[in-house]
Amino acid sequence: MNTEIRNQTLETINKYKDCTCNALSDKIESLNSEWDVERMIEAKAALMIIMTTYLGMKHCKAWFFLSSVIAMFLLSHSLQGWCPPVPLIRKLGARTSEEIYNEKIALKVLRGDFDNNKNEAEEILNAAEKQ
């Protein structure tokens with residue numbers, strides 16, 4: 001998934017190479033509102049904990065067990081940076097905050113925000129990733 005997401009980023013950079021400054025600014029602005037993996041995990045976990053807590057109070061106390069499992073996944077993610085839903089969320093195309101940030105920097109390089117002598121999308125993304 002990591003390679004596929006990186007290739008999609010390179011395609012986007014190539015697509016915007018010859019665009020106007022306004023188009024680049026619009027794309028950068030849209031990246032500012034893109035949800036990253038962590039935000040998705042937090043939102044989904046919170047929603048599921050609320051839902052299972054409600055079901056536990058109204059229907060069957062066994063739902064509280066699922067609430068605790070979800071909370072353990074969330075704790076695991078905060079401590080280790082990984083939990084079982086992460087591969088699924090990545091498979092859906094969600095990117096890490098760093099991947100989103102790197103694309104924004106690459107687009108800013110294209111827009112001319114920095115001194116830019118690079119022409120290839122690979123070079124631009126590598127500069128953004130500080131490789």
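How many residues are within 26 Å of Gly81 (Cβ to Cβ) and surrounded by 12 or more Cβ atoms within 10 Å (Cβ to Cβ) when one looks only at region 23-49?
15
Considering only region 78-91, I want to know if a residue exists there that is within 30 Å of Arg6 (Cβ to Cβ), modelled with pLDDT under 95 and among the charged types (D, E, K, R).
Yes - at least one qualifying residue is present in region 78-91.
Is it the case that Ser67 is among the hydroxyl-bearing types (Ser, Thr, Tyr), out of contact with any Leu (no Cβ under 6 Å at 6 or more places or on another chain), surrounded by 11 or more Cβ atoms within 10 Å (Cβ to Cβ) and under 22 Å from Asn2 (Cα atoms)? Spell out how you get there, then give the answer.
Working: among the hydroxyl-bearing types (Ser, Thr, Tyr): yes; out of contact with any Leu (no Cβ under 6 Å at 6 or more places or on another chain): yes; surrounded by 11 or more Cβ atoms within 10 Å (Cβ to Cβ): yes; under 22 Å from Asn2 (Cα atoms): no.
No; evaluated as a whole, the condition is false for this residue.
Taking Lys118 as meeting all but one of (1) at pLDDT 85 or above; (2) touching a helix residue (DSSP H, G or I) at 6+ places or on another chain (Cβ under 7 Å); (3) not acidic (Asp, Glu), write down the number of the exception.
Condition not satisfied by Lys118: (1).
Determine the pairs where a residue that is outside any helix (DSSP H, G or I), located within region 1-12, has a partner that is surrounded by fewer than 16 Cβ atoms within 10 Å (Cβ to Cβ) and not aliphatic (A, V, I, L, M) with Cβ atoms under 8 Å apart, the partner being 6 or more residues away or on another chain.
Met1/Pro87; Met1/Lys91
What pairs come out if I take residues in region 66-94 that are of a type in the set (S, T, N, Q) and pair them with residues that are assigned to a helix (DSSP H, G or I) whose C-beta lies under 7 Å away, six or more apart or interchain?
Ser67/Ile49; Ser67/Thr52; Ser67/Thr53; Ser67/Gly56
The values are calculated or read from the model by the stated rules, or taken from the named source; none is laboratory data. Since the structure is predicted, the reported quantities are computational estimates derived from the model, not experimental observations. Note: ideal-geometry Cβ built from the backbone for every residue, glycine included; neighbour counts use all protein chains shown.
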